[in-house]
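Trainee: Below is one structure. I have some questions about it.
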Amino acid sequence: MCKRIVGLDPIVFEDSRILIVGSMPSAISLKEQMYYANKNNRFWKILKEIFQTEDKIELLKVSHIALWDICHSCIRKTSADSEIKDIEPNDIQGLLNTYKNIEKVICNGRTSQNTMQKYFPNIETVYCPSTSSANAQFSLEQLIEIYKKEIYE
């Protein structure tokens, strides 16, 4: 039997302008207490290439990006999004109400996008392909271009 897992708190700053929403942190991310901690996930490589900054928190500050996941908690056997069941969503609307400078919500992956549309249909979102290494359809270079376009548009 799988047990309920609880995600991470948001990383957000007063001047954040973009919220990138994932689905649920991987087991490695939960253990490390850091978003996208699995070294195979390309998220940090993408942002480091776009913003030329190594430190993860500093990178988010200078780029005015906030991070959170749609799932506050869920039941999941593995770290695969396809395993996510019984979702309790985070209060994304509450976060946007508190941090009024956030003007764009980017969903990292199809699960994030679909779950956002289910629980928060009135929040406009932009889909970007998952940065997970399981998403072999897109190269690192393609993901960099896609995320760069959405971040700067």
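Trainee: Do you know the relative contact order of the chain, to the nearest whole percent, from alpha carbon pairs under 8 angstrom that are 6+ apart? Can you show the working numbers first?
Mentor: Working: 252 pairs, mean separation 46.3, N = 153.
Reported as a whole number, the value is 30 percent.
Trainee: Which one, 38, 97, 114, has the greatest fluctuation when you compute a Gaussian network model over the chain with C-alpha springs under 10 angstrom?
Mentor: 97
Trainee: In 5 Å bins starting at 0, how do the alpha-carbon pair distances of the chain split up by percent?
Mentor: Histogram of Cα-Cα distances, whole percents per bin: 2, 10, 20, 24, 23, 15, 6, 1, 0.
Trainee: On a 19 Å Cα-Cα criterion, which of the cross-link pairs 45/148; 56/118; 104/148; 45/118; 104/149; 45/77 come out too long? It would help to have the intermediate numbers written out before the result.
Mentor: On the way: 45/148 12 Å; 56/118 30 Å; 104/148 14 Å; 45/118 30 Å; 104/149 13 Å; 45/77 27 Å.
Those over the limit are 56/118; 45/118; 45/77.
Trainee: Length gain on complete extension for the stretch residue 33 to residue 138, per 0.36 nm per residue less the alpha carbon to alpha carbon distance?
Mentor: Values: separation 105, 0.36 × 105 = 37.80 nm, distance 2.68 nm.
Answer, rounded to one decimal: 35.1 nm.
Trainee: Given R₀ = 22 Å, FRET efficiency for residue 148-residue 55 by Cβ-Cβ distance, to 0.05?
Mentor: On the way: r = 20 Å, r/R0 = 0.89.
The computed FRET efficiency comes out at 0.65.
Trainee: Also: With r defined as the distance between the Cβ atoms of residue 103 and residue 75 and R0 fixed at 35 Å, what FRET efficiency is calculated, to the nearest 0.05?
Mentor: Efficiency computed from Cβ-Cβ geometry: 0.55.
Trainee: Starting from 0.36 nm per residue, how many nanometres of slack lie between residue 6 and residue 124 once their C-alpha separation is accounted for?
Mentor: Working: separation 118, 0.36 × 118 = 42.48 nm, distance 2.52 nm.
In short, 40.0 nm is gained.
Trainee: Quick one: longest stretch of the chain between exposed loop trypsin sites (Lys or Arg not before Pro), exposed meaning at most 13 other C-beta atoms within 10 Å and loop per DSSP? Write down the numbers at each step before the final one.
Mentor: Values: sites that count: 3, 39, 77, 100.
For trypsin sites (Lys or Arg not before Pro) (loop position, at most 13 other Cβ atoms within 10 Å), the longest site-free span of the chain is 101-153.
Taken together, the values in this text are just the output of simple stated rules run on the coordinates, not laboratory data. Source: prediction; values computed, not measured. Note: ideal-geometry Cβ built from the backbone for every residue, glycine included; neighbour counts use all protein chains shown.
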